[in-house]
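Trainee: Structure provided below as structure tokens; questions to follow.
Any read-out appearing in this document is the output of simple, stated calculations on the displayed coordinates, not a laboratory observation. These numbers were taken from a predicted model, which means no experiment stands behind them. As a convention, Cβ positions derive from the backbone with ideal geometry for all residues, glycine included, and neighbour counts pool all protein chains shown.
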Amino acid sequence: MTRSRKPSNATMRILNCLVGNVDGLHGYGLMQDSGLASGTLYPILKRLSDRGWLVKKWDTPSDDSGPPRRIYKLTDLGRKNLEGLRQEQMADPIQLKQGRRV
Amino acid sequence: MTKLLDSFLKFAATKLDESHAIWIEDLRLEARHIPQGFQRQRFLWSGTKSAFAEILRKSVGPKRMGQILLNVALVLFCFVCLVVTMNLADAAMKATFSILLIIYGIMTGLSIFRLKMMKRAAQVFGFGFFFLWVLFGTSILPLTGLNIEFLRAASIEAAAIMMPLYIAGSYLDWVEVADAA
């Protein structure tokens, strides 16, 4: 059974970065935008992907600039849930101010 | 260094289940697109730490990890008592620290083999030492000639140490139940 725990601050930061990028982001770009370390970022991306909040796609470089890499894009479910979470945060100003784990 | 970190991540992926192996593989592939060596190392290093933590969590588990930390603390207590006992000249102080050494030794053994019993022992010893502290403060016992202040300090200190040991034992018990749930 999946636990319905609300996402952490780090998760919210990732979701907020992804929502502004319709084409999706690479892991490194996401790391730079969110300010999170890769060791924090990738397990969260895995969890979000498992829940269907985001989708992973392969990006194969056309030139010989390296191996294929993943692009992470928010799904419609992810967008919908993020919107719900934002509204919840707006409704609870203490939570918003403290930025605590929700 | 980069190769070493990459090798560790590759190894970690084989030790973890498939879902973790996927994110580790994604991280390794992404690292090859980072141009600067230092940035790439930092990227891999953070991933390595996370993968290592995951391996520890999987193979050791929170209860065993907590038990190891508790045992380390108790062994340190024993070591301190042993060193102090060997370097004291006063017979009463030496005897006090010898008794404490035995008690901490018992607690160490119980924390390894019988955690539930350690909890009970911590309660009993805790109350016992507290009772001694109160007793030494009164004039019921004919303790003339002994360093009462030292005995009181030693007994209240031992009672205070028993309290976190009891809390640690309860927590580790709870972790097991929480893990199963």
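Trainee: What FRET efficiency comes out for B:Leu146 versus B:Leu76 if R0 is 22 angstrom and r is the Cβ-Cβ distance? Round to the nearest 0.05.
Mentor: 0.20
Trainee: Another one. Enumerate the whole-percent occupancy of each 10 Å bin, from 0 to the last occupied one, for all C-alpha pair distances of the protein assembly as shown.
Mentor: 6, 20, 20, 17, 15, 12, 7, 2, 0, 0
Trainee: Quick check on my link table: of A:Lys73/B:Lys58; A:Lys46/B:Lys116; A:Lys6/B:Lys49; A:Lys57/A:Lys80; A:Lys80/B:Lys10, which ones sit more than 31 Å apart, alpha carbon to alpha carbon?
Mentor: The answer is A:Lys46/B:Lys116; A:Lys80/B:Lys10.
Trainee: Also, I was wondering about something else. Can you work out the PRE-style zone for A:Asp23? Point 7 Å along Cα to Cβ, and I want the residues of the range A:37-70 with backbone N under 16 Å.
Mentor: A:57-63, A:69-70
Trainee: How many Cβ atoms of partner chains, on average, are near each residue of A:40-47 if near means within 10 Å of its Cβ?
Mentor: Mean partner shielding for this stretch: 6.
Trainee: Can you list which of the DSSP-assigned H helices in chain B have a Cα extent of 18 Å or more along the long axis and an average Kyte-Doolittle score of at least 1.0?
Mentor: Within chain B the helices that satisfy the rule are B:61-86, B:91-113, B:115-137.
Trainee: Let me ask something else. According to the square roots a ≥ b ≥ c of the eigenvalues of the Cα gyration tensor, what is the shape class of the range A:1-86, taking rounded for a/c under 1.5, prolate for a/b larger than b/c otherwise, and oblate for the remainder?
Mentor: prolate
Trainee: Name the shape class, rounded, prolate or oblate, that the alpha-carbon gyration tensor gives for the range A:7-57, where a ≥ b ≥ c are the square roots of its eigenvalues, rounded holds for a/c under 1.5, and otherwise prolate holds if a/b is larger than b/c and oblate otherwise.
Mentor: Taking the square roots of the gyration eigenvalues as a ≥ b ≥ c, the range A:7-57 is rounded.
Trainee: Something else now. Kindly identify the range B:65-170 as rounded, prolate or oblate by the Cα gyration tensor criterion: order the square roots of the eigenvalues as a ≥ b ≥ c, call it rounded if a/c is under 1.5, otherwise compare a/b with b/c, prolate if a/b is larger, else oblate.
Mentor: Oblate shape, in that a/c is at least 1.5 and b/c is the bigger or equal ratio.
Trainee: Normalised by the number of residues in the range B:39-181, what is the relative contact order in percent for Cα pairs under 8 Å and 6+ residues apart?
Mentor: Reported relative contact order: 26 percent.
Trainee: How many partner chain Cβ atoms sit within 10 Å of a residue's Cβ in peptide B:27-36, on average, as a whole number?
Mentor: If you average over the peptide's residues, the count of other-chain Cβ atoms is 6.
Trainee: B:Gly126: net charge of surrounding residues, Cβ under 12 Å, Lys/Arg +1, Asp/Glu -1, itself excluded?
Mentor: Taking every other residue near B:Gly126 into account, the sum is +1.
Trainee: Right, here's the next one. Can you give me the pair-distance distribution of the range B:5-140, C-alpha pairs, 10 Å bins, whole percents?
Mentor: 11, 24, 19, 15, 15, 11, 4, 1
Trainee: By the scheme Lys and Arg +1, Asp and Glu -1, what is the net charge of all other residues having a beta-carbon under 15 Å from that of B:Leu110?
Mentor: Here the charged neighbours net out to +3.
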